[in-house]
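> Sharing a structure, written as structure tokens. Questions coming.
The values are calculated or read from the model by the stated rules, or taken from the named source; none is laboratory data. All of these numbers come straight from a predicted model, not from anything done at the bench. We place every Cβ from the backbone using ideal geometry, glycine too, and count neighbours over all the protein chains shown. With ligands, DNA and RNA removed, areas are computed over all heavy atoms of the protein, side chains included. Shrake-Rupley method; radii C 1.70, N 1.55, O 1.52, S 1.80 Å.
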Amino acid sequence: MTAPSLEDHELLSKIKNPETRNYGFNLLVRAYQQRVYGHVRKMVIDHEDADDITQEVFIKIHKSIENFREDSLLYTWIYRIATNECLNFLQRKKRRFFLPIGDVGRELTSKLDNSPHVSGDEIQLKLQKALLKLPDKQRVVFNMKYYDDLSYEEIAEITGTSVGALKASYHHAVKKIEDYLTQ
Amino acid sequence: MKKLEDIPKKEIFKVPDDYFDKLPGVIQSRIAADKDRHAIPVFRTVLQYGIPSLAVVVIAVILFFKPEPADSAESILTSIETQDLVAYLDETDISTDELLDEVTLDQLDAEQIEDAVFDLGDQDLEDIADDLDL
């Protein structure tokens, strides 16, 4: 476990002080909103969904930050909440419409093609479509490693999975993506 | 085979203008609204359980301290023996008409009297005739 950074420690001090709680929480949102949104958006693709989930993530953080133990990094704790919210959202989506995994992937691919808030050249879009072929848990690990440059140890802390399992998952994901890109 | 490392990392997801400027305010508003929403159930709980409990206590206090009601005329009459009543009516100066004026008979009373007369046997009728010196 790593101790929180000085910046996070100051944020937490402000949040835990009743007089500066709102100000401190506002600083936390400003500090982490882009990382949380980016992480969520890559999982759910649609901006409106990502917006809703990001708000929920910060509301949950607000509710439970009093219980946050400072023996872990604040951002890994935040990532864990965001990751769980994404996975729960996708799980609910499948349950609500009785959709198999492939159909949710197709729905997200369709959003990728039609959303006004998606840009990028053909190869970038193809990479995203390849990612949507992966199981959700493997995709979230890939995103954290590839896009967010988190270490396996950090991802292990966020997901509660062993480093060895994460390495295997990532390399397997890369293999599947490269196979898809070659087609 | 196309390698992943050949593809430049690029953020393809865009957000509406000013999205991150507005988001902290939106979140703060939702937290404030959430607090208000939690405040209402507390008030509702007070209404839901407090008022009925208070009503039960008030009713119990009223019943506990309620004075014994004064005996009504009917309850006094039922406690007097029929023979005493008949003896009183024989000796009093009140006429039958005056007694009837005091009594208000409704439909139910009339039906009960009619049933009682219908059920009278011959012996009962003779006893009444004797009493009335008919």
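> Could you tell me the total accessible area buried at the B-A interface, probe 1.4 Å, in square angstrom to the nearest hundred?
On the way: alone 13440 and 10340 Å², together 20530 Å².
By this definition, chains B and A bury close to 3200 Å².
> Let me ask another. Leaving ligands, DNA and RNA out of it, report the carbon-plus-sulfur percent of the accessible area of segment A:1-140 at a 1.4 Å probe.
50 percent
> Given R₀ = 35 Å, what would the calculated FRET efficiency be for A:D71 paired with B:R37, taking r from the Cβ atoms and rounding to 0.05?
Working: r = 33 Å, r/R0 = 0.95.
The calculated FRET efficiency here is 0.60.
> Among the listed pairs A:K93/A:K145; A:K63/A:K133; A:K16/A:K145; A:K94/A:K167; A:K16/A:K93; A:K94/B:K2, which are separated by more than 29 Å between their Cα atoms? Don't jump to the answer; show the numbers that get you there.
On the way: A:K93/A:K145 25 Å; A:K63/A:K133 35 Å; A:K16/A:K145 32 Å; A:K94/A:K167 27 Å; A:K16/A:K93 36 Å; A:K94/B:K2 32 Å.
Check vs 29 Å cut-off fails for A:K63/A:K133; A:K16/A:K145; A:K16/A:K93; A:K94/B:K2.
> Threshold 30 Å², probe 1.4 Å: give the residues of segment A:31-53, in number order, that are less accessible with all protein chains present than with their chain alone.
A:Q33, A:Q34, A:Y37, A:R41, A:K42, A:H47
> If you count only protein heavy atoms with a 1.4 Å probe, what accessible area per residue comes out for segment A:89-183, rounded to a whole Å²? Let's see the in-between values first.
Working: 4890 Å² over 95 residues.
Heavy-atom accessible area per residue stands at 51 Å².
> Further, regarding this structure: Within straight cross-link reach of B:K14, meaning Cα distance under 14 Å, which aspartates and glutamates are found once same-chain residues fewer than 8 apart are removed?
Straight-distance partners of B:K14: A:D46, A:E48, A:D49, A:D51, A:D113, A:D121.
> Residue by residue through segment B:19-31, what is 3J(HN,Hα) from phi via Karplus (6.51 cos²θ - 1.76 cosθ + 1.60, θ = phi - 60°)? Round to whole Hz and write x for glycine and proline.
My calculation for segment B:19-31 gives 4, 6, 6, 8, 4, x, x, 4, 5, 4, 5, 5, 5 Hz in order.
> With the dipole of segment A:83-183 worked out from charges on the C-beta (+1 for Lys and Arg, -1 for Asp and Glu) around the Cα centre, which of A:S119, A:A156, A:L134 lies farthest toward the positive end?
With unit charges placed on the Cβ atoms, the residue in question is A:L134.
> Which value in Å is the Kirkwood Rh of segment A:86-183 over different Cα pairs? Working shown, then result.
Values: mean 1/r = 0.0692 Å⁻¹.
Its Kirkwood hydrodynamic radius stands at 14.5 Å.
> Any number yet on Rg/Rh for the protein assembly as shown, C-alpha, Kirkwood? Walk me through the numbers on the way to the answer.
Numbers: Rg = 42.5 Å, Rh = 27.2 Å.
In the protein assembly as shown, Rg relative to Rh is 1.56.
> Using the scaling law 2.2 N^0.38 Å as the reference, what is the normalised Cα Rg of segment A:28-142?
My calculation over the Cα atoms of segment A:28-142 gives 1.12.
> What are the residues whose amide H is under 5 Å from the amide H of A:V118, where those residues sit 5 or more places off or on another chain and H is modelled from the backbone?
Residues meeting the amide H criterion: B:K14.
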